[in-house]
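Scroll down for the structure; my scribbles are underneath it.
Every read-out reported here was derived from the displayed coordinates using simple, explicitly stated rules and does not represent laboratory data. Just so we're clear, the structure is a prediction, and the values are computed from it rather than from any experiment. All Cβ positions, even for glycine, are placed from backbone atoms using ideal geometry, and neighbour counts span all protein chains on display.
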Amino acid sequence: MQITSSDYSRKRHACRHSLVLIGLLWLLIGCGSSAPTPRPTITWRLAQPVAATITIGPTYTPQATEVPPMQSTQTSNKVVYLTFDDGPDPTWTPKILDLLAQHNAQATFFVLGRNAQAYPEIIEQQRLAGHLLANHSWSHPDLTQLDQASVLNELSATQALLGATASNCFRPPYGKHNQQIAANANQLGLRMVLWDVDSADWKQPGTEEIVARIRSQVRDGAVVLLHDGGGSRQQTIEALEILLPELAAQGYRFVAACS
Ligand SMILES: [Zn+2]
């Protein structure tokens, strides 16, 4: 059979295509068998501290950063501000309310709107006992990840549900906030409140550790972060059973913040 010049050209093209395919295959196999490319190093940078309006008690120290900051109150009164986040919870909140009543202690409950909606009878119980209700958002998101409209929604829906008897205090979930969130809160007439004693009870580290953390940091005007929702609060209750009489014997009174 005679090979024409066009046949020859077609074969040459086919040959070139085969070589290109082999080359690609070699590259693919080569890439697969070589050491993985090191990932670029990510350096996390904390945002610059931002000014925010944080008020609690008669005087206050404005102090806020994007990570949970220390929150101080300046007072010479022997008072401790107990604060409970993430409730109301049908199992734990009533037990905590009983305990507080036994020790004539008042507290501030930073409630989630969705929980307050689900358990209005507990909210009523808290009100009747003289505790203060405050805003901890509707659904506990990281507010720094939301757009402005969603932040306003989270806060205003909760505030509307709590009604006129709610305090005007607000605590961002995880303590995460920035200048924009502080401004959004102010826009709604809310004051941001953080804490200066983190009991770490949310991670259930053991009753003794919760007691030790509070005992070592408590002072006049301390704002203590505790939880009545978000998981078992058995250790929180056991810690309070130890600490409430102990601190009362030292002369401390337990007062609701944001009053
Ligand atoms: Zn929370």
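The table for this structure:
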| item | result |
| --- | --- |
| Percentage of interatomic Cα-Cα distances in the range 93-205 larger than 21 Å | 37 |
| Ranked packing of 159-167, 106-114, most packed first, by mean Cβ within 10 Å | 106-114, 159-167 |
| Those aspartates and glutamates that a straight Cα-Cα span of less than 13 Å connects to Lys95, excepting residues fewer than 8 apart in one chain | Asp228, Glu238, Glu241 |
| Fully extended contour minus Cα-Cα distance, from Ala183 to Leu152, at 0.36 nm per residue | 10.1 nm |
| Under 5 Å, built H, 5+ apart or other chain: amide partners of Trp195 | Gln71 |
| Neighbourhood charge, 15 Å Cβ-Cβ cut-off, centred on Ala256 and excluding it, Lys, Arg +1 and Asp, Glu -1 | +2 |
| Loop-located trypsin sites (Lys or Arg not before Pro) in the range 198-259, at most 16 other Cβ atoms within 10 Å (DSSP) | Arg219 |
| Residues of the range 221-236 with amide N under 15 Å of the 7 Å Cα→Cβ point at Gln102 | 234-236 |
| Pairwise centroid distance, computed over Cα atoms, of the range 211-226 with the range 104-122, Å | 22 |
| Relative packing of peptides 135-147, 171-183 - highest average C-beta neighbours within 10 Å first | 171-183, 135-147 |
